[in-house]
Amino acid sequence: MMNMNCNGNSLLKRLQEVEFALYELTLYLDAYPESKDALMHYHSLLDARRALVAEYQAKHGPLTMYGNESTTSWDWASTPWPWEN
Amino acid sequence: MWIYEKKLQFPVKIKNPDARAASIIVSQLGGPDGELAASMRYLNQRFSMPDRKIVGILTDVGTEELAHLEMVGSILTQLTKNLPVSEIENSPFAQYFVDHTAGVYPASAAGVPADMKYIGVKGDVIADLNEDLAAEQKARVTYDNILRLVDDPDIREPIKFLRERELVHYQRFSDALRLAQDSMNSKNFYATNPSFDK
């Protein structure tokens with residue numbers, strides 16, 4: 001398991017950007033659920049997020065408690081926590 | 001960061017509103033040993049924990065407490081939905097009703113709003129984990145007291161689930177304390193945390 005922190009990791013940065021955009025779209029769609037443009041944008045980012053999550057978890061370990069990809073080791077708690085520097 | 005899942009951890013389906021039960025159960029939302037205090041205690045203690053495994057336990061228990069907060073809120077809203085005024089005016093719920101109507105507000109059964117004075121964050125692994133062990137037992141006793149005062153099985157089932165979780169959390173915090181003490185010097189009989197004195 002690679003030991004890394006949040007800074008300087010471009011894969012993490014891309015994931016944060018895509019998820020932030022999805023968050024903004026979600027807030028917008030909560031208020032304007034009839035916006036077809038926003039919904040299309042949401043779906044294109046959802047696909048991007050899925051690929052980024054898979055790549056991130058394979059390289060750096062679980063992002064959520066359901067993301068422990070390894071069947072031989074429990075990495076959820078042993079990989080760095082986000083405030084470690 | 002967190003993401004919301006649109007479901008309860010355990011089903012809450014209460015058929016009969018009950019103002020008196022709501023006035024008691026609200027304490028597990030915003031009382032001294034309630035789920036709001038529990039989640040804030042564990043999630044804030046995480047930052048000063050010296051061991052990643054202990055951070056994991058605090059993260060996962062603290063996150064589950066947020067789910068319990070939502071379960072208690074669901075119980076309260078179902079207990080107070082469509083309550084006729086005649087059932088409120090002579091119940092202990094009347095004092096809550098006058099300020100909050102049927103809204104879900106974190107306060108104790110005695111009407112004291114939730115307060116961060118209910119939690120401790122000492123920044124010391126031994127002190128904080130001992131606080132957590134006591135907190136789980138106190139929450140378990142509160143659920144026991146609720147079960148002594150409430151008969152409706154629709155209310156009792158989710159309350160019994162929440163009570164069980166306090167016991168499991170107590171076990172996991174015991175494991176966390178053992179992990180912490182195992183990593184200390186074996187001659188540290190008094191289980192003090194020397195990390196600041198190095």
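Among A:49-56, B:87-94, sorting by the average number of other beta carbon atoms lying within 10 angstrom of each residue, highest first, gives B:87-94, A:49-56. Per-residue shielding of B:55-61, expressed as the average number of other chain Cβ atoms within 10 Å of the residue Cβ, stands at 3. Farthest toward the positive end of the dipole of segment B:139-198, out of B:LEU167, B:ALA139, B:ASN188, is the Cα of B:ASN188, where the dipole comes from beta carbon charges about the Cα centre. For chain B, the relative contact order is 29 percent, taking Cα pairs closer than 8 Å that sit 6 or more residues apart in sequence and dividing their mean separation by the residue count. Among all the lysines, which ones have a C-alpha under 24 Å from B:LYS117's C-alpha, if same-chain residues fewer than 8 places away are not counted? B:LYS117 reaches B:LYS138. Computed from backbone phi with θ = phi - 60° and the Karplus coefficients 6.51, -1.76 and 1.60, the 3J(HN,Hα) list for segment A:27-38 is 4, 5, 5, 4, 8, 10, x, 8, 6, 5, 4, 5 Hz; x is used for glycine and proline. As a calculated quantity, the FRET efficiency between B:LEU179 and B:SER86 at R0 = 51 Å, using C-beta atoms, amounts to about 0.40.
Checking every one of the GluC sites (Glu not before Pro) in segment B:3-84 against DSSP loop status and a limit of 15 other Cβ atoms within 10 Å picks out B:GLU5. Cα extents for segment B:45-198 along the principal axes, largest to smallest and rounded to whole angstrom: 65, 29, 22.
Placing unit charges on the Cβ atoms only, positive for Lys and Arg and negative for Asp and Glu, gives chain A a dipole magnitude near 200 debye about its Cα centre.
For B:LYS53, the lysines whose Cα comes closer than 22 Å to its Cα, not counting residues fewer than 8 places off in the same chain, are A:LYS59, B:LYS122. Residues in the protein assembly as shown average 59 Å² of solvent-accessible surface per residue, probe 1.4 Å, ligands and nucleic acids excluded. Listed by chain and number, the aspartates and glutamates placed with their C-alpha closer than 18 angstrom to that of B:LYS187 are B:ASP197; residues fewer than eight positions away on the same chain are left out. Heavy-atom accessible area with a 1.4 Å probe sorts A:SER73, B:SER39, largest first, into A:SER73, B:SER39. With N the number of residues in segment B:10-84, Rg(Cα) / (2.2 N^0.38 Å) evaluates to 1.34. The distance between label points at A:TRP74 and B:LEU149 comes to 3.7 nm (points 7 Å beyond Cα on the Cα→Cβ vector).
Within the assembled protein chains, the solvent-accessible surface assigned to B:VAL98 is about 110 Å², based on a 1.4 Å probe. Maximal additional length on extending the B:LYS187-B:LYS160 stretch stands at 5.6 nm, based on 0.36 nm per residue less the C-alpha distance.
The values are calculated or read from the model by the stated rules, or taken from the named source; none is laboratory data. Everything numeric here is computed off the predicted structure, so don't read it as measured data. Neighbour counts are summed over all protein chains in view; Cβ atoms, including those assigned to glycine, are modelled from backbone coordinates with ideal geometry. Note: accessible area is taken over every heavy atom of the protein model, side chains too, but ligands, DNA and RNA are not part of it. Shrake-Rupley method; radii C 1.70, N 1.55, O 1.52, S 1.80 Å.
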